[in-house]
1. With the requirement that a residue be in a loop (DSSP other than H, G, I, E, B) and surrounded by 11 or more Cβ atoms within 10 Å (Cβ to Cβ), what does the stretch A:106-130 give you?
2. Can you spot a residue in the stretch B:75-91 that is assigned to a helix (DSSP H, G or I) and either facing another protein chain (nearest Cβ under 10 Å) or closer than 22 Å to A:Glu147 by Cβ (or both)?
3. (1) within 30 Å of A:Tyr148 (Cα to Cα); (2) over 13 Å from the mean Cα position of the chain (by Cα): which one isn't true of B:Ile59, the others all being true?
4. I'm checking my understanding of the structure. Among residues of the stretch B:37-64 that are assigned to a helix (DSSP H, G or I) and among the small types (Gly, Ala, Ser), which one is nearest to A:Ile91 (Cα to Cα)?
5. For the stretch B:9-28, give me each residue that is free of Cβ contacts under 8 Å to residues at least 12 places away in the same chain and among the charged types (D, E, K, R).
6. Condition test on A:Val46, is it of a type in the set (A, V, I, L, M) and at pLDDT 75 or above?
7. Within the group B:Pro4, B:Pro84, which residue is modelled with pLDDT under 90, touching a Phe, Trp or Tyr at 6+ places or on another chain (Cβ under 9 Å) and surrounded by 11 or more Cβ atoms within 10 Å (Cβ to Cβ)?
8. Any residue at all in the stretch B:62-70 that's within 14 Å of another protein chain (Cβ to nearest Cβ), of a type in the set (S, T, N, Q) and closer than 25 Å to A:Pro77 by Cα?
Amino acid sequence: MSESKKRILEMLAQKKISTDEAYRLLDALETGERGQGSTAKASTTVKEKPKYLRVMVLPDPESEHPENVDRVNVRVPMSLIRAGVKLTALIPPEARDKVNGALREKGIDFDVRNLKPEDLEELIEALEDLEVDVVGSKGEKVKVSVEY
Amino acid sequence: MNRPPVLMHLRIQKEERGFDLWLPLFLLLLLALVVFIIVSPLMVIAILVLWPSGRGRTIILIIRAAFQTLWSMRGLKVDVHSGPRCMYFTVV
């Protein structure tokens, strides 16, 4: 029995609510649970796991010589990212400190030790519904998205 | 589980000069498998010797991570253009 149902029955026993109210509350609770279950099932069947992370740097279309501008198109399999994150656990502590120091020099205050597979999964999940679109100082467009 | 990569294509172009390389990974993987089978008894001994110091476990983790990384490389594509220079790398 769920906590909510127990609480409703306790309230009924303490005569804080009537039998009619208790019945209605239990009914509403059951309907809600059933609804939640069906939506969760639907989302699992519809939602597909992303396969790739795509990073693109496109030149400014209005630039005078677009052929001389840098262009980047990188497609990284998600499984490779996951494997890479697992590899961070094998970095010796001295090397980790050096990496953290180098990142700090570049103005990035990040500890590589904090990078965990669970965090990555969260980030990937967030990227499923999001597309990062940044315009650089030279007008170049940076796009980060996931592909299925 | 992912299928292992079969081919690797690397192209580097620097103005007029450049090179194109197709690497048959399926052949290299077969070669690596043979080497792995030959070396595995030595690796087992090394793992057992180093186990008390804690490095034996690290060796196992490294081997596992190396296989995982290699196996998940399929689909990787890097295409970088910088003016007349370009670098293209893909794993099929």
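1. A:Phe110, A:Asp111, A:Leu115, A:Lys116, A:Leu130 - these are the residues of the stretch A:106-130 that are in a loop (DSSP other than H, G, I, E, B) and surrounded by 11 or more Cβ atoms within 10 Å (Cβ to Cβ).
2. No.
3. Only one criterion is unmet by B:Ile59, namely (1).
4. Restricting to residues being assigned to a helix (DSSP H, G or I) and among the small types (Gly, Ala, Ser), the top hit is B:Gly56.
5. Hits for the stretch B:9-28 are B:Glu16, B:Arg17, B:Asp20.
6. Criteria not met by A:Val46.
7. B:Pro4
8. yes
The values are calculated or read from the model by the stated rules, or taken from the named source; none is laboratory data. All values reported here derive from a predicted model rather than from experimental measurement. Neighbour counts run over all protein chains shown; Cβ positions are idealised from the backbone, glycine included.
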